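Take a look at the structure set out below.
Please treat every number below as a calculation from the coordinates, not as lab data. Treat the numbers as computed from the prediction; the structure is a model and nothing was measured. Neighbour counts run over all protein chains shown; Cβ positions are idealised from the backbone, glycine included.
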Amino acid sequence: MKRFPFSLLLSLCFSLLACNPKDIPHETPLLPRATLMGGERFSGFKADPLGRFLFFQSTERTDQLFRIPLAANQSYEEVETGGRPLTWDCMAEGLLFATQLEGKFQLKYLSYAGTLQIIPLPEGCQRVRILALSKPEANQAALEIRTENPQLAGIYILEEKGAELSKKYDLQDKRVFFDENLDLAAAQGPNDEGGNTLYQFNAEKQAFEPFLETPFTMDVTMLGGFSGILSATQTSIYFTSNLDSDKSRLFWLDRKTGQKQELAADELVDILPFGQSMDMLGRVTSAVGLFAKSRREVVDPSWEADLKLLESKLKGDLSFAQSLKNDQLWLVREMAGKPFRFYTFDRQTKELTFIISDQPSLDTLQLADRHAFSAQTPDGFSLPFHLYLPPGSDTNGDGIPEKPLPTILYMHGGPWVGVVHWNQYFHWRNFQLLANRGYAVVNTEFRGSTGLGKDFVEAARKKWGTDMVADNAVVADWLEEHKVAIPDKIGLWGWSYGGYATMAGLSFYPEKYACGIAMYGPMDLVSFNKSAYVNGEFWHDWVGNPFDSTEAQMLAAQSPINFVDQVRAPVLLTTGSKDERVPQAQMDTMATALKNAGKEVQYFYYPEEVHDYRADSNWISFWEAGEKFLAKHLGGKYLPDSSGAKPAYVVVY
């Protein structure tokens, strides 16, 4: 095997040259890969219920919390916690958090004025986790405490700041929900059918009683199921369910009578068991689904006007975080395929105030805007997708560039992952990098993905290499028809299932795509479906059974390894040697077959990487090679490596 040579140090001026400048409509400075592929990020944002401070954590400075006043033009400051906060939340007058020092847990209360108090934990504490705070004052807390002595383990209540903990309930084997007084109200957990069971708590019997049992649906595999509890109060339980419908809907349960009532539904998407807005008593006021863009269903009329006003003020999608100050102040965030931006919204003055983003280091950069579109398949499915455009390429803001661009079509993994990847930094950082290099970047959905109903998932059963790949071609056609893409400059890219979809697209639609980047995807579905990670009833039922002769033939007909001769476009392949999901042999074999057939192929692997590369440095080195490949075949810009560091990968071809 040949080793990849060290990159030559090139001058900065050369790094800003385009490989094909006429295709690039703007002169935005090229962002260093490390700027988007790493750096400090903030997370875990929580505000105190009286709306004074916003607290958060850092990916780099992990031994403290940070806080920023909920007012305009403020700076954040460190909050010393004496160790990494393992669990924490904002009470009315101070922070409650737990740390661990030399194997021992400490529960601490830090008043907002700066006074620190240690709250004694049961002897032999092995774990402590804050489960909930009382509403709306948040003067009490419920904690799960595990101990060496099973008799001491349980759910404890901290009645007031400075008070001792008192055990109230035994440990539960389900996810539990409390009402506004921290009494157990509801729970959910997996059942023997592979679905979810939802329970309400009977205070007289001190026991959970099921009120909804669902069978297995594909959304359970990736998102824990779309039948789930959102919130509970003394009188009500709010939950979603797709038990008797194609798409999940929002319901309300009267805890006294057991009566159920449908509150919201959407004909395009599943109503999600997360992302809802709630008042300070825990009552759901709106719920959401995702069709590229958020679709919000309002169930409390008194919130509707303000929610619509907020949506009109934000350029991206509205994500509701918290209701504060007796529901008169909202903490919200804007999602736009960029760093999350946190705002407060004053319901009396209607003033929207920016507080902080979760990646302040990117605030001054010129990043791509994204737009939501959809394409229609011949058999009637709507395929939502995000389109990221290079800054300056869309002067009227309609989401269509002023002239067609080289385009990259991204297919996600799973393939049943759905919904959750739309706003993940792990994904959008790549889209922003490529848009910065002058490409129109498309993050698309295809049948089989979750969040768009059970029928949409079912339509992909055993059709990895047929209808699912055809869906991507439908989106590619839309991009050409709407003058987004240059017809002979559309490239494919994806990882895991998306890596398979890339090679399948190049194999089965060879005239449509100019190049492809396939990352750690299965190439031979017959051998792959016999491998350790997927060899089982579930995978064989949904993708194909390699031990059945008829289905083995079907899998072979959907395997790119068997259609190498049809591939016309250049290919870049990469994988990790420690991938336990898709064995490296899948990519080794594909690379060898392409090379032996005289196809243009580049292949390198990371000896220490697993499935879904973890190290930011490896993503940086991957894109150093990937950018050069795309620039050669699509005509975008390319930023050469200037570090002189040896990549962690091994080049095969």
- Query: Once all Cα-Cα distances of the stretch 476-616 are split into 5 Å bins that start at 0, what whole-number percent is in each one?
  - Reply: 2, 11, 19, 22, 18, 14, 10, 4, 1, 0
- Query: When a footprinting reagent is the concern and you count Cβ atoms within 10 Å, what order do H421, H633, H482 take, fewest first?
  - Reply: H482, H421, H633
- Task: Would you kindly state how much longer the chain becomes between E148 and D63 on full extension, computed as 0.36 nm times their sequence separation minus their alpha carbon distance, in nm to one decimal?
- Result: 28.0 nm
- Applying the Karplus parametrisation 6.51 cos²θ - 1.76 cosθ + 1.60 with θ = phi - 60° to the phi angles of the stretch 599-611, what ³J(HN,Hα) value in whole Hz is obtained for each residue in order, glycine and proline being reported as x? 7, 7, 9, 10, 9, 9, 9, 9, x, 9, 8, 10, 5
- Task: Please find the FRET efficiency linking Q117 to T550, where r is the Cβ-Cβ separation and R0 is fixed at 60 Å, and quote it to the nearest 0.05.
- Result: 0.30
- Residues in the stretch 27-45 near a label at E608, defined as backbone nitrogen under 18 Å from the 7 Å Cα→Cβ point? 38-39
- Show that you can apply the helix-only estimate: for the chain, add -39,500 (n - 2.57) for every DSSP H stretch of four or more residues, divide by all residues, and state [θ] at 222 nm to the nearest 500. -5500 deg cm²/dmol
- GluC sites (Glu not before Pro) within the stretch 469-534, DSSP loop, no more than 13 other Cβ atoms inside 10 Å: E511
- Query: In debye, nearest 20: dipole of the stretch 362-424 around its Cα centre with unit charges on the Cβ of K, R (+) and D, E (-)?
  - Reply: 140
- Given charges at beta-carbon only (K, R positive; D, E negative), |dipole| of the stretch 228-372 in Debye: 160
- Query: Treating the beta-carbon of each Lys and Arg as +1 and of each Asp and Glu as -1, no other charges, what is the dipole magnitude of the stretch 158-197 about its Cα centre, to the nearest 20 debye?
  - Reply: 120
- Looks like the stretch 592-653, by Cα gyration tensor root eigenvalues a ≥ b ≥ c and the a/c under 1.5 rounded cutoff (else prolate when a/b is bigger than b/c, oblate otherwise), is oblate
- Item | Out-of-range pairs (alpha-carbon distance over 21 Å; input K46/K260; K167/K205; K293/K512) | K46/K260; K293/K512
- Item | Fewest-first sequence of T221, T344 by Cβ atoms within 10 Å of each Cβ | T221, T344
- Message: How far apart, in nanometres, would the label points at S642 and R84 be if each is projected 7 angstrom from Cα along the Cα-to-Cβ direction?
- Response: 3.4
- Task: Order by neighbour count: E204, E148, fewest other Cβ atoms within 10 Å first, most last.
- Result: E204, E148
- Can you tell me the FRET efficiency between K403 and S361 if r is taken as the Cβ-Cβ distance and R0 is 35 Å, rounded to the nearest 0.05? 0.60
- Nearest 0.05, what FRET efficiency do K313 and E262 give at R0 = 41 Å with Cβ-Cβ as r? 0.85
- Message: Using the alpha carbons of the stretch 476-543, what is the convex hull volume per residue in cubic angstrom, as a whole number?
- Response: 94
- Note on the structure: Between the modelled labels at E481 and D346 (7 Å from Cα along Cα→Cβ) the distance in nm is 4.9
- Query: Fully extended, how many nm does the chain gain between F426 and A585 (0.36 nm per residue separation, minus their Cα-Cα distance)?
  - Reply: 54.7 nm
